[in-house]
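Enquirer: Encoded as structure tokens, here's the structure I'll be asking about.
The values are calculated or read from the model by the stated rules, or taken from the named source; none is laboratory data. These figures come from a predicted structure and were not determined experimentally. FYI the Cβ positions are ideal-geometry reconstructions off the backbone, even for glycines, and counts take in every protein chain you see.
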Amino acid sequence: MPVLRAGTRPDTWAVVTGTTAYVVAVESDPATGEARVLQRYWGPRLPGDALAAPLPPAPPRVDSSFFDPRDTAELLPVEGGTRWGVPSLQVTYPGDIRSVEFRYTSARMDGERLTVTLRDDAFGLEADLHVEAVGEVIERWTTLRLDASAPGAVAVGRLDSGNWEIPERDAYRYTGVYGAQLLENQVQRGELPVGETTFTSRSGTTSHRANPWIMIDAGDATEEHGEVWSVALAWSGSWRLTAQHRPEGDLAVTAGFGHDGPRWRLAPGESLETPRVLGLHTTGGFGAASRAWHAYTREHVSPAPREDRPVLYNSWEATAFDVTEEGQLDLARRAGAIGVELFVVDDGWFHRRDSDDRGLGDWWPDRAKFPEGMTRLFDRVRDLGMAAGLWVEPEMVNPDSELYRAHPDWVLHYPGRRRDTLRDQLVLNFAREDVRDWALGWLDRLVGEHRLAFLKWDMNRGFTQAGQPGERSDMLWIEHTRGVYAVLDELRRRHPGLRIESCSGGGGRVDLGILRRADQVWTSDNTDARDRQGIQHGMSHVYPANVMAAWVTDAPNPITMREVPLRYRFHVAMAGVLAVGADVRRWSEEDADEARELVARYKAIRPVVQHGTLHRLTGDPGVTRSALQYTLDDLVVVLAYNPYATGKRGPRRLRLAGLDPDAVYEVVEGDDPLKGARWHGAALMAVGVAVPSWFIVGPDYRSDLVVFRKVPS
Ligand code: GLA
């Protein structure tokens, strides 16, 4: 039912969700036979009758020899024919011919999926354009196929998953994130200049520098109001997203894997399928867009979304490479005593890994640190009532390792070129089957022998000299990422209880591709609570709280030296998947008691935070007073923050959102004078309440956890 025939022509279809319609039509030029697959509409779902009738036609085009604005509306504008915009598909045919000339061959409506097939006869190239409704999201991707009898191989310079036209509005504004290691997910919002604005990663990973999503509005959307179109790419390797704002006014966003430069060779008989690009139209402002992304991620992306993610302890900031059995056990006892449910040994546990310049690749417990292996440690961890987890970095090797000495050809490299190390490591080529088999072999044994419940899968450098022998060198940009996916998928298949955290020097591999096989992501190596507020704010635009790992670490923070009270650090980390990463051996008894109490509070509100709906209530997180609200059934959890003692600016009343206006809500948890108070939903939303931490005078870093319960009527 989600794919309908739209209008009266046979070659027009509407792919619909509960709230959205996406209308596609094929237009063939009667003179040349060239086909264009056009987006005719993307916005609120129209009533059935309106969709069944022909839509008003597009405005007539200017008969000019200088422009043809139709290509912004194409689902896959190609390089070729009368187009000068951003191509979503660029190929070079034998003889250095670069004009793709597609004609329409067929379309299939298959349940929720529409597939339109185009063909360039002269060179035997076919493209399937797939459109599918998944929840509220329109998923799109492309398959490129070269006939076995084609005259020769083609070189693919760009193969995007799809191009989206943003319907005409008076203005266009974009929202996205930029970042760096230790400061990921910084929101930026601004008018889209006329021209081509590209966000990209050239590092072989998703990267810290940008994240593969964009939101576009007409310049009038707020957190609570307005139409927003979002596009996100489900891919964890290099990527490119270009927003093209044409002088004529049109706006289109094309996105796909890869980046400028590499060319993928497609031989006769071969095919290439892109990852999915996701389009989401929402009304209700950026908040509603985020809530829809969260719902989609939980319902259609995450492998085990209904589970509560456990409170974990991670040893990295406490012990770094100084890992010993006794030391880890000491941490485990203390972590268990404050309520931790999963104990994770980070880096430093494997063969000769005393610093970051050696050992990667030799994935067995270091004999000096664990003379009897690690089974005893993990058994004791389990005796303490916790599950066990371990850090690994399977895609990496230190030149100083037994693995590299045995297989120097397994890394990305070009013959005769340098092999540049970063953090003293090189990238193993997961496009190679032997490398994948090796990785799967030791990971499978490691997880099986130690009965591990959790792996933190890290990836600590970008690609350089990204080559492999033979003609398919550039394919590794795609095949490495697919290889990582394949190993993760097979590992999960063999160990259905295993849960995975994706990490890449903090939040360098966070995307809707990895989240199909990673239950959570490490948000940032910056664990400073105040910086984290901004990082988490940006991340929350697309990714839900139950994938966002957040540790409470020591004060002063090892990165920023900032002294933030334990309660504030906890309240910031409670906005995601709470974890502890502090050196708990140095905590006072009072610290441990307070932490135990806060961990227990988190467990009580965890279902609401991890599975509820998020409202980013107000304020500039980490800068002014701000608050987050999570709602699930009759429970409403509010985390309110006030980082600055003397902050005169910012909201002073906390106005809630999304409540039942007629119902009465009681404060079941919160500091005086809130506890026990009862107000109408309407009053909480329109008037707002004064939370203690927002009082205008007081110390830095005050925060509140307030829980409301809807009173049964
Ligand atoms: C990366 C991760 C950290 C930690 C170290 C270990 O930097 O982001 O959390 O695991 O590696 O070397």
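Enquirer: With respect to A255, determine if the residue is part of a strand (DSSP E or B), closer than 29 Å to P44 by Cα and in contact with a Gly (Cβ under 8 Å, 6 or more places away or on another chain).
Expert: Taking the combined requirement at face value, the residue satisfies it.
Enquirer: Please list, ordered by residue number, the strands (runs of 3 or more DSSP E) wholly in the stretch 540-634 having 3 or more residues that are out of contact with any Pro (no Cβ under 7 Å at 6 or more places or on another chain) and of a type in the set (A, V, I, L, M).
Expert: 548-552, 577-580
Enquirer: Name the residue, out of R423, R418, that is surrounded by fewer than 21 Cβ atoms within 10 Å (Cβ to Cβ), touching a residue at least 24 places away in the same chain (Cβ under 8 Å) and at positive phi.
Expert: R423
Enquirer: Moving on. Any residue that is at pLDDT 95 or above and either closer than 20 Å to E132 by Cα or surrounded by 14 or more Cβ atoms within 10 Å (Cβ to Cβ) (or both) - is there at least one of those in the stretch 45-62? Let's see the steps before the verdict.
Expert: Just the residues of the stretch 45-62 that are at pLDDT 95 or above, to begin with: 45.
Cutting the leftovers down to either closer than 20 Å to E132 by Cα or surrounded by 14 or more Cβ atoms within 10 Å (Cβ to Cβ) (or both) gives us 45.
Yes: the stretch 45-62 contains one or more residues that are at pLDDT 95 or above and either closer than 20 Å to E132 by Cα or surrounded by 14 or more Cβ atoms within 10 Å (Cβ to Cβ) (or both).
Enquirer: Taking R98 as the residue in question, decide whether it is among the charged types (D, E, K, R), closer than 24 Å to H130 by Cβ and out of contact with any Pro (no Cβ under 7 Å at 6 or more places or on another chain).
Expert: No; evaluated as a whole, the condition is false for this residue.
Enquirer: Among the residues of the stretch 577-598, how many are aliphatic (A, V, I, L, M) and under 19 Å from V668 (Cβ atoms)?
Expert: Here the count works out to 1.
Enquirer: Can you confirm whether the stretch 323-341 contains a residue that is more than 12 Å from the ligand (Cβ to nearest atom), farther than 18 Å from L455 by Cβ, of a type in the set (S, T, N, Q) and free of Cβ contacts under 8 Å to residues at least 60 places away in the same chain?
Expert: Looking for residues that are more than 12 Å from the ligand (Cβ to nearest atom), farther than 18 Å from L455 by Cβ, of a type in the set (S, T, N, Q) and free of Cβ contacts under 8 Å to residues at least 60 places away in the same chain, one finds at least one in the stretch 323-341, hence yes.
Enquirer: Next up: Which condition number does L266 fail, the rest of (1) more than 16 Å from the ligand (Cβ to nearest atom); (2) of a type outside the set (K, R); (3) free of Cβ contacts under 8 Å to residues at least 40 places away in the same chain being met?
Expert: Answer for L266: the failing condition is (3).
Enquirer: Looking only at residues that are of a type in the set (D, E, K, R) and crowded, with 24+ Cβ neighbours inside 10 Å in the stretch 492-525, which one is farthest from the ligand (Cβ to nearest atom)?
Expert: Residue satisfying both the conditions and the ranking: D511.
Enquirer: Moving to a separate point now. Search the stretch 96-153 for residues being part of a loop (DSSP other than H, G, I, E, B), free of Cβ contacts under 8 Å to residues at least 40 places away in the same chain and not hydroxyl-bearing (S, T, Y), and hand back the single one that is surrounded by the most Cβ atoms within 10 Å (Cβ to Cβ).
Expert: Only one residue tops the list, namely V100.
Enquirer: Restricting to the stretch 634-676, name every residue that is among the charged types (D, E, K, R) and touching a residue at least 60 places away in the same chain (Cβ under 8 Å).
Expert: D634, E669
Enquirer: Can you tell me which residue within the stretch 296-341, out of those that are β-branched (V, I, T) and over 19 Å from the mean Cα position of the chain (by Cα), is surrounded by the most Cβ atoms within 10 Å (Cβ to Cβ)?
Expert: Of everything passing the filter in the stretch 296-341, V340 is surrounded by the most Cβ atoms within 10 Å (Cβ to Cβ).
Enquirer: Looking only at the stretch 291-318, which residues are within 16 Å of the ligand (Cβ to nearest atom), touching an Asp or Glu at 6+ places or on another chain (Cβ under 8 Å) and of a type outside the set (D, E, K, R)?
Expert: Going through the stretch 291-318, the residues within 16 Å of the ligand (Cβ to nearest atom) turn out to be 312-318.
This time we only want the ones that are touching an Asp or Glu at 6+ places or on another chain (Cβ under 8 Å), so: 312, 314-318.
Scanning the stretch 291-318 gives L312, N314, S315, W316, A318.
Enquirer: For the stretch 349-403, what are the residues that are of a type in the set (A, V, I, L, M), part of a loop (DSSP other than H, G, I, E, B) and within 14 Å of the ligand (Cβ to nearest atom)?
Expert: L360
Enquirer: Output yes when any residue across the stretch 256-277 is hydrophobic (A, V, I, L, M, F, W, C), more than 22 Å from the chain's Cα centre (by Cα) and closer than 20 Å to E196 by Cβ, and no when none is. I'd like the intermediate steps shown before the answer.
Expert: Residues of the stretch 256-277 that are hydrophobic (A, V, I, L, M, F, W, C), as a first pass: 257, 264, 266-267, 272, 277.
Filter once more, keeping what is more than 22 Å from the chain's Cα centre (by Cα): 264, 266-267, 272.
Still in the list and also closer than 20 Å to E196 by Cβ: none.
The answer is no, given that none of the residues of the stretch 256-277 is hydrophobic (A, V, I, L, M, F, W, C), more than 22 Å from the chain's Cα centre (by Cα) and closer than 20 Å to E196 by Cβ.
Enquirer: Does the stretch 125-159 hold any residues that are more than 14 Å from L272 (Cα to Cα) and not hydrophobic (A, V, I, L, M, F, W, C), and which are they?
Expert: E132, G135, E136, E139, R140, S149, P151, G152
Enquirer: Hey, G470 hits all of (1) within 26 Å of the chain's Cα centre (by Cα); (2) assigned to a loop (DSSP other than H, G, I, E, B) but one; which does it fall short on?
Expert: (1)
Enquirer: State yes or no: is D489 more than 16 Å from the ligand (Cβ to nearest atom), surrounded by fewer than 18 Cβ atoms within 10 Å (Cβ to Cβ) and at pLDDT 95 or above?
Expert: Taking the combined requirement at face value, the residue satisfies it.
Enquirer: Answer with yes or no whether L76 is under 27 Å from T282 (Cα atoms) and in a loop (DSSP other than H, G, I, E, B).
Expert: yes
Enquirer: Could you list all residues from the stretch 201-218 that are part of a loop (DSSP other than H, G, I, E, B) and either among the hydroxyl-bearing types (S, T, Y) or farther than 14 Å from F257 by Cβ (or both)? Steps first, answer last, please.
Expert: We begin by selecting, within the stretch 201-218, every residue part of a loop (DSSP other than H, G, I, E, B); these are 202-209, 211-212, 218.
The answer is S203, T205, T206, S207, H208, R209, N211, A218.
Enquirer: Related question: Could you tell me whether any residue of the stretch 586-606 is at pLDDT 95 or above, away from the ligand (no atom under 16 Å from the Cβ) and touching a strand residue (DSSP E or B) at 6+ places or on another chain (Cβ under 6 Å)?
Expert: So far as the stretch 586-606 goes, yes, one or more of its residues are at pLDDT 95 or above, away from the ligand (no atom under 16 Å from the Cβ) and touching a strand residue (DSSP E or B) at 6+ places or on another chain (Cβ under 6 Å).
Enquirer: Additional query: Within the stretch 496-511, can one find any residue that is more than 18 Å from the chain's Cα centre (by Cα) and not aliphatic (A, V, I, L, M)?
Expert: Looking only at the stretch 496-511, we keep the residues that are more than 18 Å from the chain's Cα centre (by Cα), and these are 496-498.
Checking which are not aliphatic (A, V, I, L, M) leaves us with 496-497.
The answer is yes; a qualifying residue exists.
Enquirer: Which number in (1) modelled with pLDDT of 95 or more; (2) farther than 25 Å from D531 by Cα; (3) among the charged types (D, E, K, R); (4) not in a strand (DSSP E or B) marks the one condition that K710 misses?
Expert: Going through (1) modelled with pLDDT of 95 or more; (2) farther than 25 Å from D531 by Cα; (3) among the charged types (D, E, K, R); (4) not in a strand (DSSP E or B) one by one, K710 breaks only (4).
Enquirer: Separate question: So which of F378, F430 is under 22 Å from W316 (Cα atoms), buried (at least 23 other Cβ atoms within 10 Å of the Cβ) and touching a His at 6+ places or on another chain (Cβ under 7 Å)?
Expert: Testing whether each residue is under 22 Å from W316 (Cα atoms), buried (at least 23 other Cβ atoms within 10 Å of the Cβ) and touching a His at 6+ places or on another chain (Cβ under 7 Å) leaves just F378.
Enquirer: Out of the residues in the stretch 540-564 meeting the condition of being of a type in the set (A, V, I, L, M, F, W, C) and within 15 Å of the ligand (Cβ to nearest atom), tell me which one is farthest from Y313 (Cα to Cα).
Expert: I559
Enquirer: May I pose another question? Please go through the stretch 453-480 and pick out each residue that is within 24 Å of R358 (Cα to Cα) and more than 16 Å from the ligand (Cβ to nearest atom).
Expert: Passing the criteria: F463, T464, Q465, A466, G467, Q468, H480.
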